[in-house]
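Asker: The structure follows.
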Amino acid sequence: LAAIERQIFQGKEEAVTMSGLLIYGANGYSGALIARETVARGLRPILAGRNAEVLATLARSLGLDHRTFGLDRPEAVDAGIRGSAVVLHCAGPFVHTSSPMADACLRAGVHYLDITGEAEVFEALFARDAEAKASGVMLLPGVGFDVVPSDCLAAHLKRRLPSADRLALAFWLRGRLSRGTATTMVENLHRGGLVRQDGVLRQVPAAWKTRKIDFGTGQVKAITIPWGDVATAYHSTGIPNIAVYMAAPLGLRLAARASRYTGRLLGSAWVQAFLKRRVRAGPPGPSDEERRHGRSYLWGEAADAAGRKVVSRIEGPEGYTLTTLTAVAIAERVLAGEAPPGFQTPAMAYGPDFVLGVKDVVRTDE
Ligand SMILES: NC(=O)c1ccc[n+]([C@@H]2O[C@H](COP(=O)([O-])OP(=O)(O)OC[C@H]3O[C@@H](n4cnc5c(N)ncnc54)[C@H](OP(=O)(O)O)[C@@H]3O)[C@@H](O)[C@H]2O)c1
């Protein structure tokens, strides 16, 4: 263990304080945006990840300490997060990375945040609620675009219509995807769709339903996708029937439907490798300029058995900017001691109006 620690801390004597934020995967596109925002807000996180060279360059440019460790060996992760009060995990796809980090956080009594949007990751962490409560640890996945605004919207709709038994959520992202998001999507292409029915997650065909949605700018066609809220919105609201839609132009709607028949091919090793190579050849994510001009739109509708319906909308900054702002705002709340133990969603921990405290976010009710 001493050897691992020497390697991670590179011989430096670091003060072990229980007040610190550690950002893992800080050298990724989203991790680096988040690291920059923390510094702009006066925080001094430790940056961490497995890529020593890129991490060191980023840390130097921000005047921060860094630690290099992978997630393969539990003793390395234990040593890597030593002394932190909260880990903000930004290295995905999280289906591969969440559990080794959550394990270490639970062993060390460190709060866990991540920016996943993967339903199975939310459910795996939800299953560890009792363990987290016993350790006094908060497990709060999904502190980015998925699921902060949509989770707050879901909880707001439930507050407006407490008898709701059906929830539809939708989003429209106007802007480019990051490599990490595209890689996560590639890994899930062949898995079809997912909805919540009678309280249970149910596999459905890709693009199972199409619906016209008014995000506040006119009607747009949207298809169901297996988005994280089918997991989280149920825990936040108790509403047993949930579907999530994404605005999709014709080409994407057709491709999604076609994936019902090509699923096996899309999941094959060589197609996955080919698609991931294509993703890696592209830019890491939207440029600063693109992020400045992008916007995100969310829509939600709750309905009950008596035919009552409520609709609300949220409009905010571009998706990665919003991810950065919500992730850092939540890290600040945790550092201020607001970290209810156990599995949490953003709205469970900080309420339906939390997202309204984020710059440039507005909510309207119909
Ligand atoms: N929920 C949301 O709204 C939201 C928003 C933004 C991003 N995300 C998710 O966040 C993840 C990262 O996105 P990104 O845009 O930052 O991607 P990215 O630029 O590709 O960065 C990915 C980061 O994860 C690290 N990583 C990947 N696999 C790892 C592993 N097995 N062990 C250790 N580190 C690993 C990479 O390290 P190396 O450089 O060493 O490969 C890199 O630092 C994706 O899963 C994406 O879907 C979600």
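Every read-out reported here was derived from the displayed coordinates using simple, explicitly stated rules and does not represent laboratory data. The model shown is predicted, which means the values in this text are computed figures rather than measured ones. Note: ideal-geometry Cβ built from the backbone for every residue, glycine included; neighbour counts use all protein chains shown.
Asker: Would you point out the residue of the stretch 253-297, among those that are closer than 19 Å to Arg179 by Cα and of a type in the set (S, T, N, Q), that is nearest to the ligand (Cβ to nearest atom)?
Answerer: If we take residues in the stretch 253-297 being closer than 19 Å to Arg179 by Cα and of a type in the set (S, T, N, Q), then Ser296 is nearest to the ligand (Cβ to nearest atom).
Asker: Additional query: I'd like to know if the stretch 331-349 contains one or more residues that are under 19 Å from Ile34 (Cα atoms) and within 16 Å of the ligand (Cβ to nearest atom). Let's see the steps before the verdict.
Answerer: In the first step, residues of the stretch 331-349 are kept if they are under 19 Å from Ile34 (Cα atoms); the result is 331-336, 346.
With within 16 Å of the ligand (Cβ to nearest atom) added as a condition, the list becomes 331, 346.
So far as the stretch 331-349 goes, yes, one or more of its residues are under 19 Å from Ile34 (Cα atoms) and within 16 Å of the ligand (Cβ to nearest atom).
Asker: Quick test for you: out of Arg211, Arg253, pick the one residue that is in contact with a Phe, Trp or Tyr (Cβ under 7 Å, 6 or more places away or on another chain) and among the basic types (Lys, Arg).
Answerer: Working: Arg253 fails: in contact with a Phe, Trp or Tyr (Cβ under 7 Å, 6 or more places away or on another chain).
The match here is Arg211.
Asker: Another one. Looking for something of a type in the set (Ser, Thr, Tyr) and either within 18 Å of the chain's Cα centre (by Cα) or assigned to a loop (DSSP other than H, G, I, E, B) (or both) - is there at least one such residue anywhere in the stretch 197-220?
Answerer: Within the stretch 197-220, the subset of a type in the set (Ser, Thr, Tyr) is 210, 217.
Narrowing the set further to residues that are either within 18 Å of the chain's Cα centre (by Cα) or assigned to a loop (DSSP other than H, G, I, E, B) (or both) leaves 217.
Yes, some residue in the stretch 197-220 is of a type in the set (Ser, Thr, Tyr) and either within 18 Å of the chain's Cα centre (by Cα) or assigned to a loop (DSSP other than H, G, I, E, B) (or both).
Asker: Among the residues of the stretch 251-261 satisfying the criterion of being touching a residue at least 24 places away in the same chain (Cβ under 8 Å) and under 25 Å from Gly175 (Cβ atoms), which is surrounded by the most Cβ atoms within 10 Å (Cβ to Cβ)? Even if it seems obvious, please write down each step before you answer.
Answerer: To start, the set of residues in the stretch 251-261 that are touching a residue at least 24 places away in the same chain (Cβ under 8 Å) comprises 252-253, 256-257, 259-260.
Applying the additional criterion that residues be under 25 Å from Gly175 (Cβ atoms) yields 252-253, 256-257, 259.
Working: Leu252: 14, Arg253: 16, Ala256: 22, Arg257: 15, Ser259: 20.
In this case the residue turns out to be Ala256.
Asker: Further, regarding this structure: Looking at (1) under 16 Å from Leu167 (Cα atoms); (2) crowded, with 16+ Cβ neighbours inside 10 Å, which one does Thr181 not meet, given that it meets all the others?
Answerer: (1)
Asker: Could you give me the residue pairs with C-beta distances under 8 Å whose first residue belongs to the stretch 38-58 and is part of a helix (DSSP H, G or I), whose second residue is within 9 Å of the ligand (Cβ to nearest atom) wherever it lies, and which are 6+ apart or on separate chains?
Answerer: Val54/Asn27; Leu55/Ala26; Leu55/Asn27; Leu55/Gly49; Leu58/Ala26; Leu58/Asn27; Leu58/Ala32
Asker: Would you confirm whether or not the stretch 74-91 contains a residue that is at negative phi, within 15 Å of the chain's Cα centre (by Cα) and among the acidic types (Asp, Glu)? Quick ask: steps written out before the conclusion?
Answerer: To start, the set of residues in the stretch 74-91 that are at negative phi comprises 74-82, 84-91.
Cutting the leftovers down to within 15 Å of the chain's Cα centre (by Cα) gives us 87-91.
Narrowing further to those that are among the acidic types (Asp, Glu): none.
Within the stretch 74-91 (the criterion being at negative phi, within 15 Å of the chain's Cα centre (by Cα) and among the acidic types (Asp, Glu)), the answer is no, since none of the residues qualifies.
Asker: Given Ala52, Ala91, which one is under 20 Å from Pro284 (Cα atoms), aliphatic (A, V, I, L, M), surrounded by 24 or more Cβ atoms within 10 Å (Cβ to Cβ) and in contact with a Ser or Thr (Cβ under 7 Å, 6 or more places away or on another chain)? Talk me through it step by step, then tell me what you get.
Answerer: Values: Ala52 fails: surrounded by 24 or more Cβ atoms within 10 Å (Cβ to Cβ).
Within the list Ala52, Ala91, the selection yields Ala91.
Asker: Please enumerate the residues belonging to the stretch 157-185 that are out of contact with any Gly (no Cβ under 8 Å at 6 or more places or on another chain), in a helix (DSSP H, G or I) and hydrophobic (A, V, I, L, M, F, W, C).
Answerer: Met185, the sole residue that qualifies.
Asker: Pairs please, first residue from the stretch 193-208 and in contact (Cβ under 8 Å) with a residue 60 or more places away in the chain, second anywhere and among the hydroxyl-bearing types (Ser, Thr, Tyr), Cβ atoms under 9 Å, 6+ apart in sequence or on different chains.
Answerer: Leu194/Thr224; Leu201/Tyr234
Asker: Just checking, which of Trp208, Trp227 is among the aromatic types (Phe, Trp, Tyr), more than 16 Å from the ligand (Cβ to nearest atom) and either within 30 Å of Trp270 (Cα to Cα) or out of contact with any Lys or Arg (no Cβ under 9 Å at 6 or more places or on another chain) (or both)? Spell out how you get there, then give the answer.
Answerer: Details: Trp227 fails: more than 16 Å from the ligand (Cβ to nearest atom).
After ruling out the rest, the residue left standing is Trp208.
Asker: If you go through the stretch 15-49 one residue at a time, how many are among the hydroxyl-bearing types (Ser, Thr, Tyr), surrounded by 23 or more Cβ atoms within 10 Å (Cβ to Cβ) and within 19 Å of Asp288 (Cβ to Cβ)?
Answerer: Taking the stretch 15-49 as the starting set, the residues that turn out to be among the hydroxyl-bearing types (Ser, Thr, Tyr) are 17, 19, 24, 29-30, 38.
Pick out the ones that are also surrounded by 23 or more Cβ atoms within 10 Å (Cβ to Cβ) and you get 24, 30, 38.
Checking which are within 19 Å of Asp288 (Cβ to Cβ) leaves us with 30, 38.
Of the residues in the stretch 15-49, 2 are among the hydroxyl-bearing types (Ser, Thr, Tyr), surrounded by 23 or more Cβ atoms within 10 Å (Cβ to Cβ) and within 19 Å of Asp288 (Cβ to Cβ).
Asker: Looking at the stretch 285-366, what strands (runs of 3 or more DSSP E) fall wholly within it and have at least 1 residues that are surrounded by 15 or more Cβ atoms within 10 Å (Cβ to Cβ) and not charged (D, E, K, R)?
Answerer: Numbers: elements: 295-303, 309-317, 362-365.
The qualifying strands (runs of 3 or more DSSP E) are 295-303, 309-317.
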